[in-house]
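Comments concern the structure below.
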Amino acid sequence: MDTELTEVRDFLAATPPFDLLPAGVLDGIPARLLVRYYRRGATILAPGDRSDALYVIRSGAVDLVDGQGALLDRRDVGAGFGMSTLLRGGDFKNYITAIEDTLVLYLPGDVFRELVAQEPEFEAFYRSRIRARMRAAVESVQATDRGVPILKTPVRELVRRPPLSAPPTTSIRAAAQLMSLGGVSSLLVMDEGRLVGIVTDRDLRNRVIAPGVDLALPVSTVMTSDPVTAPADALAFELFFDMAARNIHHVPVMRGAEVLGVLSSSDLARLQHDNPVLLVGEIRRQSTIDGLVASSQRIPELVTQLVSEDVTAHQIGRVVTTVGDAIERRQIEMVEAEMGRPPVPYCWVVLGSQARHEQGLSSDQDNAIILSDAYRPERPEHAEYFAELARRMVAGLAACGYPVCKGDVMATNAAWRVPLGVWRRTFSEWMTTPHADALVNASIFFDMRALHGDSGLFEALREDVLAQAPSSERMLAHLTKSAVEHQPPLGFFRGFVLEKAGEHAAKLDLKGGGVAALVELARVYALENGLPDVNTRGRLEATAAIGRLSERRAAELTDALEFVSYVRLRHQVRQHRAGVAPDNFVSPSELTDEERRHLKDVFQIIRRAQATLAARRPLHYVS
Amino acid sequence: MSFLRRFGPDGRRERLRSGVAAGPLRAYLDVPFPAASTPVESLELLAVDFETTGLDPSRDHLLSVGFVPVVGRSVVLAGARQFVVRADVEVGQSATVHGVTDDAVAAGVDLEVAMAALLEALTGRVMLAHFARLERRFLSVVCRRLYGIPFACSAVDTLELQARLVTSAWRQDPADGELRLWAAREKFGLPRYRAHEALTDALGCAELYLAQVAEFGPGRAATLRDLQRR
């Protein structure tokens with residue numbers, strides 16, 4: 001006798017999660033199933049039904065519709081339904097309707113419960129929390145083990161020995177002797193266990209020997225006070241970028257107030273050679289726009305390399321932005337050198353994805369100038385200087401591959417090249433009497449970072465804005481409305497993207513349907529709590545840290561952002577390789593089944609967070 | 001006993017059973033066939049398929065038997081069985097159709113064993129087959145040989161149901177081949193199977209039956225009588 005139902009068994013063997021079952025278990029399942037058939041249009045389950053079975057679609061397709069008639073999902077061959085009541089108990093809550101003639105395999109509840117009890121992977125497939133799935137998804141996309149050590153190493157792991165230190169009263173000569181004996185190129189100046197300064201080989205040359213300073217003077221007279229430090233868990237690449245950008249060579253690594261050691265730029269040599277830090281160094285040495293253009297052309301290759309290696313989208317965003325920052329900074333130094341000193345202090349600020357450290361391969365330039373209030377628009381030497389500086393910067397950045405902003409959010413726009421006082425007024429208007437239109441365009445200004453010049457101007461503006469934002473109810477309501485208006489799709493159906501109203505789109509908009517919604521949610525969290533963070537992940541973590549967002553939700557959103565950003569970067573790298581201009585529209589055929597499932601989780605995480613936010617901040621008084 | 005019962009399949013069953021000794025066929029014939037008035041919703045059937053060396057029961061041999069029960073609107077896979085029958089024949093070229101090789105046939109069960117299992121599963125049920133005439137003819141020959149009397153059953157034929165659906169709903173004369181099992185299934189979007197394995201074909205027939213009954217709707221397929229009407 002032969003009872004093997006090969007067709008049914010082979011189908012299950014190719015259908016998650018049955019594909020995870022051991023062959024011996026799988027073989028026994030077909031004989032415990034029923035087969036049922038539903039005509040197109042038939043209601044298979046309705047709210048209130050007492051269903052105790054898992055239905056697996058063998059052919060055809062069904063719609064999952066809630067009690068109010070809203071489409072929740074559309075499922076076809078291999079997908080299941082009915083599991084929610086199996087896992088939770090109680091009545092079925094939604095409608096399942098056959099949208100095509102549909103054949104289903106009906107797995108009785110007792111068989112399901114037996115599998116859940118005995119097969120951990122089967123259980124995990126149905127019972128795993130969305131958060132755990134998202135975490136696993138993020139880990140799975142970085143499955144390669146060709147790691148780039150520099151991008152993953154916390155600085156504390158590079159510290160080789162405890163620091164050498166001396167009190168401020170130590171003479172310069174004694175300090176130099178200590179350094180000589182210790183064989184180090186820097187000495188920390190500590191006052192009662194507190195770091196107050198640092199002296200380096202170069203300081204001894206430039207500040208002592210060359211000017212002929214008395215070696216008996218205390219070392220505090222030639223030290224660099226309050227030196228730049230790094231927290232122990234900072235990532236090495238971030239620190240080295242920072243050092244390259246500031247042109248400093250020694251940085252104390254701190255755990256709280258305790259100094260663990262000092263990292264020097266030569267420690268970099270111990271890390272691998274082929275890394276973005278070298279590109280930043282090269283950019284700093286460029287002296288012509290053409291040179292910067294040449295450096296900038298290496299960015300797509302850099303991203304390609306990073307995507308192929310074990311690096312997170314978050315880190316790639318930081319790297320790409322840091323390289324972009326270096327280009328922009330070098331450029332503005334060159335422009336200033338050509339044009340002479342600015343007539344009044346100013347701060348060059350970047351906005352949007354660059355401010356958030358989230359640049360990718362298709363990022364526009366978004367920038368502005370905060371002028372000192374000493375600026376006089378009626379004085380031509382003021383007005384013309386900054387107009388010309390902005391013109392040269394925007395043109396130079398465009399030459400370096402940063403397209404001009406379609407919304408004209410650039411320093412060349414006179415509206416975004418104004419004194420601090422005007423900026424304050426503008427923000428104040430946005431926050432007190434927001435018109436929907438004005439605010440949609442303005443939201444980018446809430447993601448702002450000082451790049452060059454007098455950062456005090458930026459700090460002053462930011463302080464003002466952050467003080468006012470949490471109580472700007474109408475503005476927050478508008479930003480919330482905008483954040484929840486980015487409707488992620490429901491999922492995928494037969495090679496299409498299934499949109500909320502049931503339409504099928506050919507491509508998934510990773511920006512509009514994913515990244516942008518997350519960015520806007522995080523922006524609302526940050527502004528309503530007056531948090532200074534601009535990086536989306538930073539905003540989520542900071543909001544969770546003050547208890548205004550659950551750790552669970554913050555982790556979900558962070559992982560969702562990482563996953564969808566990674567898919568976006570990988571898509572853009574593929575386009576770059578194919579010689580196509582990078583964009584945000586990915587075809588479902590580019591994705592594996594598993595990635596489509598993970599993206600569906602991303603959409604759900606976004607929808608849940610949007611629903612919570614919308615419920616908390618009523619939108620009824622927003623027109 | 002009503003007229004239909006006397007002269008319908010069940011009357012034939014009554015007449016035959018007195019002439020057969022105790023055994024699988026007698027046990028099968030002792031249980032009445034489902035009444036013509038049985039609602040489709042609770043009707044019990046057994047989808048049956050044979051693989052044979054050819055189409056002539058007097059010359060050709062039964063190679064394998066597959067069957068699966070249908071209860072109302074569900075195929076009950078727990079009852080699915082397939083037997084390869086040991087036969088003293090060369091399978092020959094027909095192996096290319098049904099895939100039953102000489103080796104499999106040599107390792108098969110005796111025809112009596114397969115028949116006993118089939119008759120037991122069919123007891124009290126309606127036989128469901130695609131082109132049921134073929135299965136019935138083979139069964140008659142086999143029963144005469146094994147038990148000395150012909151075979152009787154109540155049958156529903158998915159090919160005939162398909163012909164009714166095609167002629168009434170689409171046009172008068174079905175085109176060549178469109179009534180075949182796999183062509184009929186395709187019309188309902190049912191999955192493609194590797195055809196010609198007795199159990200696979202029986203399952204294919206059972207699923208087609210579910211689709212046909214759904215297509216007729218309760219108005220045109222309320223009882224067994226509606227399914228057996230020519």
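The values are calculated or read from the model by the stated rules, or taken from the named source; none is laboratory data. Because the structure is predicted, anything quoted here is derived from the model rather than measured. Reconstructed Cβ throughout: ideal geometry from the backbone, glycine too, with neighbour counts over all protein chains shown.
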| query | Yes or no: A:Val111 within 14 Å of chain B (Cβ to nearest Cβ), part of a helix (DSSP H, G or I), of a type outside the set (D, E, K, R) and surrounded by 15 or more Cβ atoms within 10 Å (Cβ to Cβ)? | reply | yes
| said: Based on this model, can you work out whether A:Gly212 counts as part of a loop (DSSP other than H, G, I, E, B) and at pLDDT 85 or above? | reply: yes
| request: Would you please name the residue that is farthest from A:Asp226 (Cα to Cα), looking only at residues in the stretch A:193-211 that are touching a residue at least 24 places away in the same chain (Cβ under 8 Å) and surrounded by fewer than 19 Cβ atoms within 10 Å (Cβ to Cβ)? | output: A:Arg202
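For (1) under 19 Å from A:Thr85 (Cβ atoms); (2) within 11 Å of chain B (Cβ to nearest Cβ); (3) touching a Phe, Trp or Tyr at 6+ places or on another chain (Cβ under 7 Å), each residue gets a yes or a no:
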residue: A:Leu5; (1), (2), (3): no, yes, no
residue: A:Arg9; (1), (2), (3): no, yes, no
residue: A:Leu12; (1), (2), (3): no, no, yes
residue: A:Pro17; (1), (2), (3): yes, no, yes
residue: A:Leu20; (1), (2), (3): no, no, yes
residue: A:Leu26; (1), (2), (3): no, no, yes
residue: A:Arg36; (1), (2), (3): yes, yes, yes
residue: A:Gly41; (1), (2), (3): no, yes, no
residue: A:Ala46; (1), (2), (3): yes, no, yes
| Picking from A:Gly67, A:Gly90, which residue would you name as being in contact with a Pro (Cβ under 9 Å, 6 or more places away or on another chain), more than 14 Å from chain B (Cβ to nearest Cβ), part of a loop (DSSP other than H, G, I, E, B) and modelled with pLDDT under 90? | A:Gly67
| said: Here is a list: A:Arg156, A:Arg161, A:Arg205, A:Arg173. Which entry is outside any strand (DSSP E or B), of a type in the set (D, E, K, R) and closer than 14 Å to A:Val251 by Cβ? | reply: A:Arg156
| task | Would you please name the residue that is nearest to A:Arg596 (Cα to Cα), looking only at residues in the stretch A:121-169 that are modelled with pLDDT of 80 or more and polar (S, T, N, Q)? | result | A:Ser165
| request: Count, please, the residues in the stretch B:195-205 that happen to be surrounded by fewer than 24 Cβ atoms within 10 Å (Cβ to Cβ) and facing chain A (nearest Cβ under 9 Å). | output: 2
| task | Give me a count of the residues in the stretch B:131-171 that are part of a helix (DSSP H, G or I), surrounded by fewer than 22 Cβ atoms within 10 Å (Cβ to Cβ) and within 14 Å of the chain's Cα centre (by Cα). | result | 9
| message | Condition check: farther than 19 Å from B:Asp157 by Cα and touching a Lys or Arg at 6+ places or on another chain (Cβ under 8 Å). Does B:Gly11 satisfy that? | response | yes
| said: Could you go through the stretch A:601-610 and let me know if any residue there is touching a strand residue (DSSP E or B) at 6+ places or on another chain (Cβ under 8 Å) and crowded, with 19+ Cβ neighbours inside 10 Å. | reply: yes
| Going by the structure shown, is A:Leu103 touching a strand residue (DSSP E or B) at 6+ places or on another chain (Cβ under 6 Å), within 14 Å of another protein chain (Cβ to nearest Cβ) and within 30 Å of B:Glu112 (Cα to Cα)? | no
| query | Of the residues A:Gly538, A:Gly579, A:Gly547, A:Gly512, which is closer than 26 Å to A:Ala611 by Cα, of a type outside the set (S, T, N, Q) and part of a loop (DSSP other than H, G, I, E, B)? | reply | A:Gly547
| Has the stretch A:555-573 got any residue that is assigned by TED's automatic domain parsing to the domain that holds A:Lys511 and surrounded by fewer than 16 Cβ atoms within 10 Å (Cβ to Cβ)? | no
| Of the residues A:Val484, A:Val497, A:Val519, which single one is assigned to a helix (DSSP H, G or I), of a type outside the set (Asp, Glu) and either at pLDDT below 90 or farther than 18 Å from A:Gly317 by Cβ (or both)? | A:Val484
| note | Checking B:Arg185, B:Arg192, B:Arg229 in turn, the sole residue that is closer than 30 Å to B:Ala117 by Cα, modelled with pLDDT under 90 and within 14 Å of chain A (Cβ to nearest Cβ) turns out to be B:Arg192
| task | Return the only residue of B:Leu128, B:Leu208 being surrounded by 18 or more Cβ atoms within 10 Å (Cβ to Cβ), in contact with a Phe, Trp or Tyr (Cβ under 8 Å, 6 or more places away or on another chain), part of a strand (DSSP E or B) and within 14 Å of chain A (Cβ to nearest Cβ). | result | B:Leu128
| query | Among the candidates A:Ile57, A:Ile96, which residue alone is within 12 Å of another protein chain (Cβ to nearest Cβ), touching a strand residue (DSSP E or B) at 6+ places or on another chain (Cβ under 7 Å), closer than 25 Å to B:Glu215 by Cβ and assigned to a strand (DSSP E or B)? | reply | A:Ile57
